[in-house]
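The values are calculated or read from the model by the stated rules, or taken from the named source; none is laboratory data. These figures come from a predicted structure and were not determined experimentally. Cβ placement follows ideal geometry from the backbone for every residue including glycine, while neighbour counts extend to all protein chains displayed. For the accessible areas, the whole protein counts, side chains as well, though only heavy atoms, and no ligand, DNA or RNA atoms are used. Shrake-Rupley method; radii C 1.70, N 1.55, O 1.52, S 1.80 Å.
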Amino acid sequence: MALVGELDLPELDLGDPDLVGDEYHRRLAQLRSESWLARTPVAVVVLDRAAGEFFLRARATAFPGRQIAELFGITSGPLFDHIDANILNLSGDTHRRLRSIVGGAFTPAAANRWRPVMRELLEEIWKNVDGDADGQAEFVAAVAKPYPALTIATILGAPPEDAPRLHEWSTWVQKQFDIRALTTDLARIEAAVVEVNAYVEDLLAQPPEASTLLGALVAAEEEGERLSHAECVNLAVNVLAGAIDTTQSQLTHALHLFAEAQDQWALLASSPDMVPAAVTEVLRVEPVTPFTARICLDDIEYHGVVFPEGTIVAICAERGNREAGEAFDVRVGHDARLLTFGAGPHFCLGANLARAELEEALGFLAPRMPDAHLDGPVRFGGIEGIYGIETLPLSWSTGAA
Ligand code: HEM
């Protein structure tokens, strides 16, 4: 039986600034043609879907949040406390209890109930785009950035005017998962954690409306034993942080993909029933969480390889998803089990909400900007944390729809 550390594996540098756009897909495809495993300085990367799912579901693995924090010297203080209590870093009965308390607020039916709110928000956002831009906009600033922050503010029960602040905090708090940012921006990440916790405590000082997520969490807290006050605050912060940058990035990638596949975009405008399949295809080919990670809590054997206790495994959703095909095509309807939202007990809590938000956005935008195309250089973010697009200049013919 081979030990993973003794294998001769191809190397991958996730911090390489060239590893974005087409080059990133090309390099990962090249690696996969050499092996189902690759090596980074801190992790072994798993490049095939079945193996990825195996590690995500294995009982003897956990999200390595605490271990990564320790590597960066985060062993006490507010950021450590936040990481220690983050739902991703919890397991067993505690994790199951929290998921069961909050799960009802994130079912497909619960997500669907927010669709009218999403449409109203899109109408509001579009008024500014349409009015100011005359068929031209930097899509991130104009649409992708405000939309998920406004949506989650409403769901949580926060005032809409706070959405920009929530956006800012989400961006920084999520960087606890980004190894490069932990080196360069630790103080800012920690400050964001302190600020967003204080903000949620302030919101909770007034009784929240029962129909909001905070209302549901406070009801669970008031039932005693089910949810402590600290857990209530942590869950609200985890949802806030998880809901914004992810959906913003996924929506921007969607528009980027369609700007380069205009026939498919036109198809969405004329056949809105294709929107759910289009969202699945976007999630498949451009997962904004290209890598998630697990640490082995015991020696684990898979495919004749031993991953010793303590090994950090990075699971590559991008390669796993693309086993079904490299090309973006909303018409094919790939029967793909996606890794974009993870798998197993930590499967994304907000997956239904994210899908609903993306469906509403694509259904809304396709008829309003039917020939949207690139109108300048695209600036990509890095792939280590959430793989975003920083600027996406688009133009389209006005007067449509
Ligand atoms: C396209 C958008 C999104 C993507 C791609 C995404 C991706 C993911 C992934 C991959 C995981 C699992 C990580 C792991 O197991 O290591 C996860 C977990 C999670 N996501 Fe999302 N997410 C998205 C949107 C959202 C939204 C809208 C929310 C909030 C409502 C949210 C809240 C969470 C939470 C709280 C967890 C932790 C669940 C747990 O530990 O049990 N996400 N997400």
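Worth a mention:
- H303 contributes an accessible area of around 130 Å² to the protein surface, as traced by a 1.4 Å probe with all chains present.
- Computed across the chain, the Kirkwood radius stands at 21.9 Å (inverse of mean 1/r, all Cα pairs).
- Alpha-carbon centroid distance for the pair the range 323-383 / the range 1-50, whole angstrom: 24
- Under a 5 Å amide H cut-off, with hydrogens placed 1.01 Å from N, F380 pairs with E390 among residues at least 5 apart or on other chains.
- Relative frequency of Cα-Cα separations exceeding 27 Å in the range 124-266, percent: 33
- Hypothetical label at M1: residues of the range 45-83 whose amide nitrogen lies under 19 Å (7 Å Cα-Cβ projection): 51-52, 54-62
- Scaled radius of gyration (Cα, divided by 2.2 N^0.38 Å) that the range 33-110 gives: 1.40
- Accessible area of the range 2-395 belonging to carbon and sulfur atoms, whole % at 1.4 Å probe: 52
- Amide hydrogen proximity for A62: with H placed 1.01 Å from N in the peptide plane, the residues at 5 or more positions away or on another chain lying under 5 Å are I295, L297.
- Counted residue by residue at 0.36 nm each, then reduced by the alpha carbon distance between them, the extension gain from E222 to Q136 reaches 26.0 nm.
- Considering all different alpha carbon pairs of the range 85-164, the Kirkwood hydrodynamic radius works out to 14.9 Å.
- The listed peptides 350-359, 185-194, 1-10, ordered by packing as a protection proxy, come out as 350-359, 185-194, 1-10 (highest mean of other Cβ atoms within 10 Å first).
- With all protein chains modelled, accessible area of W169 [1.4 Å, Å²]: 20
- Three-way shape call for the range 190-315 based on the alpha-carbon gyration tensor, with the a/c threshold at 1.5: oblate
- Dividing the mean sequence gap of close Cα pairs (under 8 Å, 6+ apart) by how many residues the chain holds gives a relative contact order of 26 percent.
- Area of R331 that stays accessible when all protein chains are in place (1.4 Å probe, Å², to 10): 120
- Largest accessible area first, the listed residues K127, K175, K145 line up as K127, K145, K175 when surface is computed with a 1.4 Å probe on the assembled protein chains.
- Alpha-carbon spread of the range 1-159, three principal axes, descending order, Å: 62, 43, 34
- Taking Cβ atoms as reference points and 14 Å as the exclusive limit, the residues near L3 contribute a net charge of -4, counting Lys and Arg as +1 and Asp and Glu as -1.
- The spread of Cα positions in the range 222-284, taken along each principal axis and listed from longest to shortest, comes to 55, 21, 17 Å.
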